[in-house]
Amino acid sequence: MPTLARYYIRTAFVWLVLAFGLGSAMLTSQLWGFKTNPLAALQIVFYHALMVGWVTQLIVGVAIWLFPVHTREQPRGNERIAWAAYITFNLGLGLRSVVEPMLQWQPSTVVSWAVVVAASLQVGALWLILLMLWPRVKGKAVKAK
Amino acid sequence: MPKFSQISIRAALLYLVIGGSVGGILLVSKAFGVWPWIWYWRTAHIHAMLVGWLLNLIFGVAFWILPRLDANGWRGSPWLVWSASGLLHIALAVLIWASIWPWSAAIFIASGLECAAAIAMAWHCWPRLQPLIIEPILHQKLK
């Protein structure tokens with residue numbers, strides 16, 4: 001398994017653990033009998049940790065590993081794009097997980113702009129993933145005689 | 001990778017970036033309390049990600065990678081998978097349309113189409129879910 005895929009898949013597992021941790025905390029907090037549960041703001045973070053951090057990142061990691069090779073010289077395509085996607089993806093999701101609940105807890109202009117940065121990083125990461133995987137979605141190469 | 005899988009996976013990647021971009025705009029709207037109308041698009045964002053991205057990708061990869069039906073590599077009749085994919089795209093188009101211009105019947109029509117797509121895909125995949133059978137090719141039989 002290539003290094004790149006291992007990074008994606010291992011980080012996906014980290015997000016799975018974080019998501020379940022958040023889920024457990026939210027469920028447990030229901031027992032505390034708060035009038036307004038402060039952890040309710042984490043629900044959107046939980047969904048995104050699970051569906052983006054875990055599911056999407058795992059899919060991309062497995063796709064990097066198993067999709068048809070790009071060329072003999074560059075079997076996984078442009079690896080710089082793949083690394084850039086990995087960094088922006090996790091930076092964006094991580095920042096979003098911290099600042100999005102803060103919009104409810106401690107709203108400020110700095111927090112709002114941090115949310116915009118997180119959104120831009122996440123959207124940028126998805127476009128980089130498209131750029132990285134698109135050329136590898138292809139039929140079997142016909143060998144020249 | 002067969003033609004159907006290529007088209008389905010590429011469509012899934014497009015849904016990922018389009019659905020994700022809509023999600024990004026929603027997040028900016030949430031941060032600054034601007035463009036309140038964009039929240040009508042929340043359903044479109046969720047469906048683009050869950051159905052458009054995940055289901056199209058699963059359909060494409062399943063058609064490509066599940067065990068073949070014979071030693072010649074026959075994957076079964078392709079019309080079922082093309083129907084499943086077509087139904088899924090129509091369902092998504094209806095849902096996206098309805099999340100922008102609300103239309104009460106949309107959810108019934110779209111869920112019906114999604115059920116039909118699921119049945120068609122399951123019908124195609126069912127006979128392919130089997131242990132690996134390697135049939136001896138003709139010259140080996142003659143030996």
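Pairing residues of the range A:12-40 that are part of a loop (DSSP other than H, G, I, E, B) with residues that are not acidic (Asp, Glu), at Cβ distances under 6 Å and at least 6 apart in sequence or on separate chains, gives A:37/A:29. Condition test on residue A:45, is it out of contact with any Asp or Glu (no Cβ under 7 Å at 6 or more places or on another chain), farther than 22 Å from residue A:140 by Cβ, assigned to a helix (DSSP H, G or I) and open to solvent by less than 40 Å² (accessible area, probe 1.4 Å)? Spelling it out, it is not the case that residue A:45 is out of contact with any Asp or Glu (no Cβ under 7 Å at 6 or more places or on another chain), farther than 22 Å from residue A:140 by Cβ, assigned to a helix (DSSP H, G or I) and open to solvent by less than 40 Å² (accessible area, probe 1.4 Å). Which ones in the range A:82-96 are under 24 Å from residue A:62 (Cα atoms) and surrounded by 15 or more Cβ atoms within 10 Å (Cβ to Cβ)? A:82, A:83, A:84, A:85, A:86, A:88, A:89, A:90, A:91, A:92, A:93, A:94 - these are the residues of the range A:82-96 that are under 24 Å from residue A:62 (Cα atoms) and surrounded by 15 or more Cβ atoms within 10 Å (Cβ to Cβ).
Give the range A:111-145 a look and list any residue that's away from chain B (no Cβ under 11 Å) and among the β-branched types (Val, Ile, Thr), or say none. Answer for the range A:111-145, where residues must be away from chain B (no Cβ under 11 Å) and among the β-branched types (Val, Ile, Thr): just A:142. Among residues that are open to solvent by 30 Å² or more (accessible area, probe 1.4 Å) and at pLDDT below 95, residue A:71 is included. Annotation note: Cβ proximity below 9 Å between a residue of the range B:75-86 that is within 13 Å of residue B:8 (Cα to Cα) and a residue that is among the basic types (Lys, Arg) and surrounded by 18 or more Cβ atoms within 10 Å (Cβ to Cβ) (sequence gap 6+ or interchain) occurs for B:81/B:75. Any residue in the range B:17-30 that is open to solvent by 70 Å² or more (accessible area, probe 1.4 Å), in contact (Cβ under 8 Å) with a residue 40 or more places away in the chain and either over 23 Å from residue B:119 (Cα atoms) or within 14 Å of chain A (Cβ to nearest Cβ) (or both)? No, there is no match, as no residue in the range B:17-30 is open to solvent by 70 Å² or more (accessible area, probe 1.4 Å), in contact (Cβ under 8 Å) with a residue 40 or more places away in the chain and either over 23 Å from residue B:119 (Cα atoms) or within 14 Å of chain A (Cβ to nearest Cβ) (or both).
Among the helices (runs of 4 or more DSSP H) confined wholly to the range B:28-109, which include 2 or more residues that are more than 18 Å from the chain's Cα centre (by Cα)? Explain how you work it out, then say what you get.
Details: elements: B:42-47, B:56-65, B:78-100.
Helices (runs of 4 or more DSSP H) meeting the threshold: B:78-100.
For the range B:80-98, the condition holds for no residue, the condition being that it is facing another protein chain (nearest Cβ under 10 Å) and either touching a Lys or Arg at 6+ places or on another chain (Cβ under 9 Å) or over 23 Å from residue A:132 (Cα atoms) (or both).
The values are calculated or read from the model by the stated rules, or taken from the named source; none is laboratory data. Quick caveat, the model's predicted, so the values are computed rather than measured. Here the Cβ is made from the backbone with ideal geometry for all residues, glycine too, and neighbour counts use every protein chain on show. Only protein heavy atoms, including side chains, enter the accessible area calculation; ligands, DNA and RNA are left aside. Shrake-Rupley method; radii C 1.70, N 1.55, O 1.52, S 1.80 Å.
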